Structures are given as C-alpha cells and as structure tokens.
Amino acid sequence: MFKVLIVDDTKSVHAFVKNLLLKSKEVEVTSVHNGAEAVELLKENDQFDLILLDWEMPVLNGPETFLAIKGMGLRIPTIMMTTKNDPEDIQKMFSAGIDEYLMKPFTIDILFQKMEWVSGKAFSYAA
C-alpha cells in the first residue's frame, strides 16, 4: 500500500482529497487537521510514502510544518497544496526542498500525475 498523509485544516478538502485518493486501491489515507498534529503523528509513525500539505493552516502553516518535518531528519516526498500563486513564495518552498506544488482546486488526473512525479510510482485509479 502507498501511504498518504493529508495535512489540511479544511474538512471539505479532507473529504474531497480522500475521495480522490481512494479511487486507487493502492492508496491508504491518514489525515490530520494542522501542522502540529502532523509533526506529532510523524514522531510516532514516519512510515508514509507521501505528504499532501496545505499551505495556510492554524498552529503551524505548511512551510513551518515542512521545515519542522525536515528538521526531524525525515525525507518524505511532499506536495504543497494551496491557492497561493505568488511565484516568489513557490520558489522559496522549492528551494527549501518541497517536491511539488498543487494549485487548488485540482482534478483527480492532476493529483495522481503529481503523485507519480514525486514517487516514481504509477497508480491505477477510476476517474
């Protein structure tokens, strides 16, 4: 199973992304609602193949969460999900080591394409 961690503070985003991911029988989904929860979970269980990380969240935002995870010595491929489209912000995150960037809203095809790029794994899913 390909284990994905969704980190987003919006319940509707969780439902939408989880629904898309579960169209592949190869994906297992875990979700938390802010960066601090993600960091705590990853201290206990770092066995994820991918993190889908929202940029704007309370407690720890996406960039802060990514840097905290990186500071723990973990190297889990991460895709930043956001509505932010400032090229300077995007470049800062790529420079920090983020693997990919996903503009909200997105489709199932774009989500799985980005996942394939960062993981090197091909997924089958029902559109």
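Quick grid of which residues meet (1) loosely packed, with under 15 Cβ neighbours inside 10 Å; (2) of a type in the set (S, T, N, Q); (3) more than 16 Å from Val4 (Cα to Cα):
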site: Ser24; (1), (2), (3): no, yes, no
site: Ser31; (1), (2), (3): no, yes, no
site: Pro58; (1), (2), (3): yes, no, yes
site: Arg75; (1), (2), (3): yes, no, no
site: Ile90; (1), (2), (3): no, no, yes
site: Tyr101; (1), (2), (3): no, no, no
site: Ile108; (1), (2), (3): no, no, no
site: Ala126; (1), (2), (3): yes, no, yes
- request: Could you run through region 8-30 and say how many residues are assigned to a helix (DSSP H, G or I), touching a strand residue (DSSP E or B) at 6+ places or on another chain (Cβ under 9 Å) and free of Cβ contacts under 8 Å to residues at least 40 places away in the same chain?
  value: 2
message: Cβ-Cβ distance below 9 Å, separation of 6 or more or different chains: which pairs start in region 39-66 with a residue that is over 25 Å from Glu26 (Cβ atoms) and end on one that is assigned to a strand (DSSP E or B) and at pLDDT below 95?
response: Trp55/Thr82; Glu56/Thr82; Gly62/Thr82
field: Residue that is under 17 Å from Leu20 (Cα atoms) and either part of a helix (DSSP H, G or I) or among the hydrophobic types (A, V, I, L, M, F, W, C) (or both), where the choices are Ala68, Ala122
entry: Ala122
Hits in region 31-56 - residues which are in a loop (DSSP other than H, G, I, E, B) and within 13 Å of the chain's Cα centre (by Cα): His33, Asn34, Phe48, Asp49, Trp55, Glu56
Members of region 71-112 found to be part of a helix (DSSP H, G or I), in contact (Cβ under 8 Å) with a residue 24 or more places away in the chain and among the aliphatic types (A, V, I, L, M), listed by number: Met93, Ala96, Ile108, Leu111
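The values are calculated or read from the model by the stated rules, or taken from the named source; none is laboratory data. Values in this document were obtained by computation on a predicted structure and should not be read as measured data. As a convention, Cβ positions derive from the backbone with ideal geometry for all residues, glycine included, and neighbour counts pool all protein chains shown.
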